[in-house]
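The values are calculated or read from the model by the stated rules, or taken from the named source; none is laboratory data. Since the structure is predicted, the reported quantities are computational estimates derived from the model, not experimental observations. Glycine gets a Cβ as well: all are built from the backbone with ideal geometry, and neighbour counts include every protein chain shown. Surface areas here come from the heavy atoms of the whole protein model, side chains and all, with no ligands, DNA or RNA. Shrake-Rupley method; radii C 1.70, N 1.55, O 1.52, S 1.80 Å.
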6 protein chains.
Amino acid sequence: MDLITLATTADIRDRRPEIALLPVGSFEQHGRHLPLATDTIVASAIADGLAAVYNVFVLPPITMSCSHEHAAWPGTISLSHRTVSAVIEDVVVSLTAQGIGKLAIISGHGGNYFLSNVVQSANAVTPKSMTLFPSRDDWRKAREDAELETDDHEDMHAGELEVSILQAVAPGALRDGFESADHRSNARPHLLIEGMAAYTSSGVIGRPSAGTAEKGKAILGSLVTSFGEHLRQLTES
Amino acid sequence: MDLITLATTADIRDRRPEIALLPVGSFEQHGRHLPLATDTIVASAIADGLAAVYNVFVLPPITMSCSHEHAAWPGTISLSHRTVSAVIEDVVVSLTAQGIGKLAIISGHGGNYFLSNVVQSANAVTPKSMTLFPSRDDWRKAREDAELETDDHEDMHAGELEVSILQAVAPGALRDGFESADHRSNARPHLLIEGMAAYTSSGVIGRPSAGTAEKGKAILGSLVTSFGEHLRQLTES
Amino acid sequence: MDLITLATTADIRDRRPEIALLPVGSFEQHGRHLPLATDTIVASAIADGLAAVYNVFVLPPITMSCSHEHAAWPGTISLSHRTVSAVIEDVVVSLTAQGIGKLAIISGHGGNYFLSNVVQSANAVTPKSMTLFPSRDDWRKAREDAELETDDHEDMHAGELEVSILQAVAPGALRDGFESADHRSNARPHLLIEGMAAYTSSGVIGRPSAGTAEKGKAILGSLVTSFGEHLRQLTES
Amino acid sequence: MDLITLATTADIRDRRPEIALLPVGSFEQHGRHLPLATDTIVASAIADGLAAVYNVFVLPPITMSCSHEHAAWPGTISLSHRTVSAVIEDVVVSLTAQGIGKLAIISGHGGNYFLSNVVQSANAVTPKSMTLFPSRDDWRKAREDAELETDDHEDMHAGELEVSILQAVAPGALRDGFESADHRSNARPHLLIEGMAAYTSSGVIGRPSAGTAEKGKAILGSLVTSFGEHLRQLTES
Amino acid sequence: MDLITLATTADIRDRRPEIALLPVGSFEQHGRHLPLATDTIVASAIADGLAAVYNVFVLPPITMSCSHEHAAWPGTISLSHRTVSAVIEDVVVSLTAQGIGKLAIISGHGGNYFLSNVVQSANAVTPKSMTLFPSRDDWRKAREDAELETDDHEDMHAGELEVSILQAVAPGALRDGFESADHRSNARPHLLIEGMAAYTSSGVIGRPSAGTAEKGKAILGSLVTSFGEHLRQLTES
Amino acid sequence: MDLITLATTADIRDRRPEIALLPVGSFEQHGRHLPLATDTIVASAIADGLAAVYNVFVLPPITMSCSHEHAAWPGTISLSHRTVSAVIEDVVVSLTAQGIGKLAIISGHGGNYFLSNVVQSANAVTPKSMTLFPSRDDWRKAREDAELETDDHEDMHAGELEVSILQAVAPGALRDGFESADHRSNARPHLLIEGMAAYTSSGVIGRPSAGTAEKGKAILGSLVTSFGEHLRQLTES
């Protein structure tokens, strides 16, 4: 899988896609076994899967976003939500100018809460122009379809889900030892105040040991199916 | 209850509060029986309740915020999340200059997703300086403590919870007829794309008929208790 | 009087107002007897009065603005004029989207000088789309009509005019003792440099002792009349 | 007089000024006899006069600002007040970095209302760091000292005062015919809504015919004296 | 030469220019013999020359811009490139509103690299609406046409070219001694990191001694010719 | 080569790098044989090469930037230079907070002119904190060292240099046919006005046929050497 699309201008011209996909990742600690870029890999993997089935224009990923809750670990980089919003607004201007009026933000980082506001405000101005994918429901269904052992609360960060996707698309990005890095911290009442460091010393919250490539493939497959409904919503008149 | 605090400068000088509360409401449709300002009333009611127990500096509410999903109904006003963030940043500057280093955003509108990013980024720069209250857990506990019949998914907008709080603190703000305005719409998979209008014609999603003043008081009482832990988090060294 | 409108979406839909009123208050010291929110009460009182006579859409107030000259007193909160301008711009976008092309900013705080620039620049882009009310002339006429003993220079802050309006619409917001809080400071040559603190220790400049509810009612009545001309200016073709 | 200072870096190094002067002009119609740049000439003339007496660092002028009320006439250029504020903020950063902590904005255009907010907010953060000159009082005194026939309300734009200053410092900038361009329009109740065009077809409101070089010199001399008090306010401890 | 145009609104109305010229100067050290405002003088001289031949609307200059590489010398003032961009955007809005759809930025300061991005992005939105003049090629040709002894690398700052233009249009702005201020510093590999101070103590890099009024006139004449092609590019359909 | 670093937080913690590298690419047409992401690949390849030799913290790339001159071709996405600057400012804040005070912007796209202003202004505030790499000199030397047949003017876009680097690090990104895509267009006087489309129909300007993997490796090796001097400049006291 290419983390950044290798499409040429000729590809886009020939394909005439109606909708663009913008992977939004992050650059934040994912424990000592998963890369800082994990969320970008996840978002790119999803976009890649969609592009194999739907006629979409895959944009290169936004590689840094709002990771302030991980600031306690070296290497984490955060952008202001206002800055990331500005990037998305500029992307929309370029897309619109070339006749592509639909955008799906492919989110690999759950901590970018503001993206829901970005999407809602875009749709208030230009109806049915933007979606945020996967939704919370899409993720839940993917976990079910792939028979994950954990839910999205327990397996919050660098756990079963992310390891599974990495195993499926970028196994080389995973360092040995993740199998013994499980960490449980279901009560995280003051995450916004204290950040992740109050609930995990390793940076992991979840069950990386349960991750497998098969689950990863099944997750991605489930998401490919779920996206169909987003597409229908955006493109039906 | 005063929707806007009537404190004087002398009150603040005498009280020497360590923490300020900033109610963040909205101005968005709440069906034909609840005011556009419902979320501001809710946020103010919570702040009012807290001020009766804790030594806090209640700020006047932000009265408009991100309500783009309600744009289909007359009267709804939305600000960009970037604008609301700028307001909050300016408030922090003023508070800091007068020696008040802690801020609790009292949120009456669940649709301001970006507030989580505002809080996390503030705490990344100045640890333990800001919280968002009530958290999702605080709301859940309040519903339980007050024995509401609905949960927060089913009773999403202009329903049991909001009617209860209005009944408790501003019954005059409630128009006759809310008792027969219940509307169920549990599946709202494309809310971000379509807005509320795809799931309700009245603007209500929830069970306003179940609202009572007693429940409202119990909700507010529960939240007063829950806030204690936020305060402890912000002020312990 | 409600400091924040309790209108519902149905009210706005039924009324089909052509023009919106945006009260702009402040949160700044008004001495030890008047609330920090005095200017918001004043702006809301004016809007309320206008709404009783004209078919207008009363927006909720902006509750904090540019109060830097009062920063020496606890509780004062200031926003940058750039932030308040952004709020107003967003409000205009929402109004325009619902077919309301006229906005009257109802100003309760004379220190928001920049509002004149906001209005002029809006009208340069969209002619006759915005006004600032009351104008200096409107205030002068209101003082005359209500037979105030003071003029706007002498009675600058927390004095006869503001006490009169509070007496008329929110007497409970006024603390005992205002009658003996008169303070004269007619020469204030370096207010911009030094702020209010150089000219008053109590925070008052003016004659609160002269305030009465009758005067307050007369002031509001005079302003209702004056607004007619603004409306004519904005709506005539 | 040079409209833009010809000082060299060596001059500033040798002089070691404590305070900088930033002329803020505009580029807006001044009738058919006065240049669009009149306000910039006025601000520069004042700065020039001050520099002859006080040890100040004269900055080059801001040559365009908020002239939206003159948009009806060809050639008028307006900046947003937010943009002009950004320019001033950047200037303050550069001055501070070289150890110059005081700034006097020398205003040649009365329509830049927001400058009062810029100054007050700067002083709230860094006390006694900025002033706005001339104040309304300074202008009134200058008119009196120079025995002008008009006051600042009657002689609002392209009139006796501006012609006098041009006669004094840049007589070549004045076109023949100004002597017969007097225009009286004392009632301008809706200037903010309608702009200047509702009150004058020539662009003049005032009495240019009364302008003389002697008056111009006297005005500038009076302002030089008045500035002393601003300087004292900014520099006394 | 007037550093700021003395045109009146009537001039612009009568001339009906299709294109505006915006001189962008700077306020940065130019050694002890040339004014801080040198780049503004240069830009204004070029605009003046063009206005004598073409039907253009000369705007007043932007007098400060990006001079961070000169921050080591007293008197240098820098604006952020984002601020200068905002000024230009506002100017375009005003021009467009009065039917002038073309803008040539007349650049007197080579260090404003971002202007190329400003121009390209403007043309991406509105084709053929903006140019940056002189281009590097235009400057090279001007040096050749005027038979300068130096090229643009060697004669980078306060040297032969700038002295020549000052001699031609503002000889009084030049202080005695420039003839012996030549300074050679052809290798400046880390100018972006270290600024000018690493390569010159006087602030000069180039050969001021070679400057003459004749060369200055020839440079300006050459540029007048070169501008014709820009005009053709912008205005041909 | 990984286009996005796969480092973990533990890597950064252990390495304790003093300086971060931020690859800045673009997403713009590079003809029908090279990917839209070519500049991001180039920037990443350089960063990768540097990381093999120096103790640096490689950040993930900025994948879109200022490509307005390529807007005529499908797929090109442009951000405003103000947005990209905001991203870089946020990155600096995160780096500074974790004690990394030096940043090298690794530029893969020559059209981001404003980056020079970003770097100079950063260094004006915090001396020796930022560099832009490769400089024009560094590129020239790399071409010489690698014995390219073309210079940087002739081989401007999608030519010998870019093909060589792709051949060296990502040969699979190159489509068949590039060998016959050479296009010569040395005179491009109005590139800023007209964009690339006026000078090439294919999108290529340069000699892709001359590209080889060996040259690519030699270019990258030369740049590794050149970076040493940047590092010395930033880190010497």
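Comparing mean-square fluctuations of A:Ser26, A:Ser80, A:Ser164 from a GNM of chain A with C-alpha springs under 10 Å, the top value falls on A:Ser80. Take E:Thr212, push a point 7 Å out from Cα through the beta-carbon direction, and compare it with the same point in every other copy: 5.0, 5.2, 8.8, 8.8, 10.2 nm, smallest first. Taken about its Cα centre, the stretch B:16-235 carries a charge dipole of roughly 520 debye when the Cβ of each Lys and Arg holds +1 and the Cβ of each Asp and Glu holds -1.
Seen from B:Asp39, the other residues with C-beta closer than 14 Å to its C-beta sum to a net charge of -3, counting Lys and Arg as +1 and Asp and Glu as -1.
Of the residues E:Tyr199, D:Tyr113, ranked by 1.4 Å probe accessible area with the largest first, the sequence reads D:Tyr113, E:Tyr199. The other copies place their D:Thr96 label points at 1.2, 1.2, 3.4, 3.5, 3.6 nm from this one, listed shortest first, where each point is 7 Å from Cα along Cα→Cβ. Rounded to whole Å, give me the distance from the Cα center of the stretch F:2-67 to that of the stretch E:18-39. Distance between centres, Cα-based: 38 Å.
Specify whether the C-alpha gyration tensor of chain B places it in the rounded, prolate or oblate class, a ≥ b ≥ c being the square roots of the eigenvalues: rounded for a/c under 1.5, otherwise prolate if a/b is larger than b/c and oblate if not. Because a/c hits 1.5 or more and a/b exceeds b/c, chain B counts as prolate. Taking all protein chains as they are arranged and a probe of 1.4 Å, the heavy atoms of A:Thr63 leave approximately 10 Å² accessible to solvent.
Legend: calculated FRET efficiency, F:Glu214 to D:Val53, from the Cβ-Cβ distance at R0 = 60 Å, rounded to 0.05, equals 0.25. Just checking the listed ones, A:Gly111, A:Gly99, A:Gly25: in the Gaussian network model of chain A with Cα springs under 10 Å, the one fluctuating most is A:Gly99. With R₀ fixed at 30 Å, the C-beta to C-beta distance from A:Arg175 to F:Arg136 puts the FRET efficiency at about 0.15.
Within straight-line reach of B:Lys128, meaning a Cα separation under 27 Å, sit the following lysines at least 8 residues removed in sequence or on another chain: B:Lys102, B:Lys141. Taking a ≥ b ≥ c as the square roots of the eigenvalues of the alpha carbon gyration tensor, the protein assembly as shown is oblate, as a/c is not under 1.5 and a/b does not beat b/c. Relative to the longest principal axis of the Cα atoms of chain B, the long axis of helix B:136-145 lies at roughly 70 degrees. When the surface is traced with a 1.4 Å probe over the full set of protein chains, D:Ser94 keeps roughly 20 Å² accessible.
Taking every alpha-carbon pair under 8 Å whose residues sit at least 6 apart, chain F reaches a relative contact order of 23 percent. Bridge orientation summary for the stretch D:16-235: considering DSSP beta bridges with both residues in this region, about 20 percent are antiparallel. The contact residues of the stretch F:1-32, meaning those that lose at least 40 Å² of 1.4 Å-probe accessible area when all protein chains sit together rather than their chain alone, are F:Leu3, F:Ile4, F:Leu6, F:Thr8, F:Thr9, F:Arg13, F:Phe27, F:Arg32. Only Lys, Arg, Asp and Glu carry charge here, each on its Cβ (+1 for the first two, -1 for the last two); on that basis the stretch D:96-148 has a dipole of about 200 debye about its Cα centre. From Cα pairs below 8 angstrom and at least 6 apart in sequence, can you work out the relative contact order of the stretch B:1-54, rounded to a whole percent? It comes to 36 percent, rounded to a whole number. For chain D, the longest principal axis of the C-alpha atoms and the axis of helix D:81-97 are separated by about 30°. Taking the helices alone, chain C has a mean residue ellipticity at 222 nm of -12500 deg cm²/dmol, built from -39,500 (n - 2.57) per DSSP H run of at least 4 residues and averaged over all its residues. Once the 1.4 Å probe is applied to the protein heavy atoms, chain F comes out at 34 Å² accessible per residue. Mind giving me the FRET efficiency for E:Thr126 and B:Thr96? R0 is 51 Å, r the Cβ-Cβ distance, nearest 0.05 is fine. According to the calculation, E is roughly 0.75.
Chain B contacts chain C over a buried accessible area of about 3800 Å², both sides summed; the probe is 1.4 Å and only protein chains count.
Among the residues of the stretch B:33-50, those with an accessible-area drop of 20 Å² or more from chain alone to full protein complex, heavy atoms and 1.4 Å probe, are B:Pro35, B:Leu36, B:Ala37.
Between the helical axis of B:213-235 and the longest alpha-carbon principal axis of chain B there is an angle of about 30 degrees.
If you restrict to DSSP beta bridges whose two residues both lie in the protein assembly as shown, what percentage is antiparallel, to the nearest 5? Bridges in the protein assembly as shown that DSSP calls antiparallel: roughly 20 percent.
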